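To start, the structure under review is shown below, and the notes come after it.
Values in this text are rule-based calculations from the coordinates and carry no lab data. Remember, it's a predicted structure, so these values are computed and weren't measured experimentally. FYI the Cβ positions are ideal-geometry reconstructions off the backbone, even for glycines, and counts take in every protein chain you see.
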Amino acid sequence: MRELSNIVPDPKALKALAHPDRLKMLGILRMEGPQTATTLAARLGLNSGATSYHLRQLAHHGFIEADQERGNRRDRWWTSKHDATVFEPAEAEPGEALDATMAMLQSVVSHHAAATQRAHDDFPNLPKAWQKAQTFSDYTIAMSPEAALALMTDMHTLLARAKAEAPAPGEQLPEDWRPYTVHLHGFPYSPLGRDDEK
């Protein structure tokens, strides 16, 4: 079992990461291993200059670093420094910290929505075994905030253990294996109003 590492960014770093393209780049580096600016630019439909700038910003704030074992000055490879970004929205103080937290949460919501849409669109092309492993479920359960926190903690623990036992990003996967995404959202139910239902 490998040991997972996390980064706890300060408000400035969190605000920098909230940029949608930077969030995508960091996700690719964490899931697929080292990449070059040219490769990331082609995948994300960006020019290499903008991609290089975003990568330098991610490096400046401690999310990624140059991969010293690959490339050269002209063809620099980048690698993630951590497995996950951890921040506690409930602990953000009003002002810069809360603004950065809300910007990051909005980027995460948009990123998750786009990933879920891609999963929906790709479903017909999946082998039957992977179709059976896919779910879009929701559960609304009446509970106290303490019970809700305990539930989320248990789920995070379970998922972290599965991640620690899995091959590291970029490693060769066994046959029929592929990265499997679990989005974990937990929040108090907000009823739809009449205007929302139209």
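The modelled label-to-label distance for the pair Leu44/Phe187, using points 7 Å beyond Cα in the direction of Cβ, is 2.4 nm. Footprinting exposure proxy ranking of Glu65, Glu88, Glu175, fewest other C-beta atoms within 10 angstrom first, gives Glu175, Glu88, Glu65.
As a check on your grasp of the helix formula, calculate [θ] at 222 nm for the chain: sum -39500 (n - 2.57) over DSSP H runs of n ≥ 4, divide by the residue count, round to the nearest 500. Numbers along the way, then the final one.
Details: 8 runs with 99 residues, N = 198.
After summing the helix terms and dividing by residue count, I get -15500 deg cm²/dmol.
In this simple spin-label model, placing a label point 7 Å from the Cα along the Cα-to-Cβ direction at both Ala133 and Ala113 gives a separation of 2.8 nm. Based on Cα contacts under 8 Å between residues 6+ apart, region 5-116 shows a relative contact order of 40 percent.
Between His60 and Ala160, the contour length at 0.36 nm per residue exceeds the alpha carbon distance by 33.3 nm. The chymotrypsin sites (Phe, Trp or Tyr not before Pro) of region 68-158 that DSSP puts in a loop, and whose beta carbon has at most 13 other beta carbons within 10 Å, are Phe136, Tyr139.
Using a simple spin-label model with pseudo-atoms 7 Å out from Cα toward Cβ, Asp121 and Ala142 lie 4.1 nm apart. Between Glu3 and Glu88, residue separation times 0.36 nm minus the direct Cα-Cα distance comes to 28.4 nm. What's log10 of I(q)/I(0) for region 6-197 at q = 0.09, 0.12, 0.16, 0.19 Å⁻¹, Debye sum over Cα points only, no solvent? Those come out to -0.42, -0.75, -1.29, -1.58, one per q.
Measuring nothing but how far apart in sequence close Cα pairs (under 8 Å, 6+ apart) lie, relative to its length, the chain scores a relative contact order of 28 percent. Each 10 Å bin from 0 upward holds the following percent of the Cα-Cα pairs of region 1-88: 17, 54, 25, 3. For the pair Glu175 and Gln106, the difference between a 0.36 nm per residue extended length and the Cα-Cα distance amounts to 21.2 nm.
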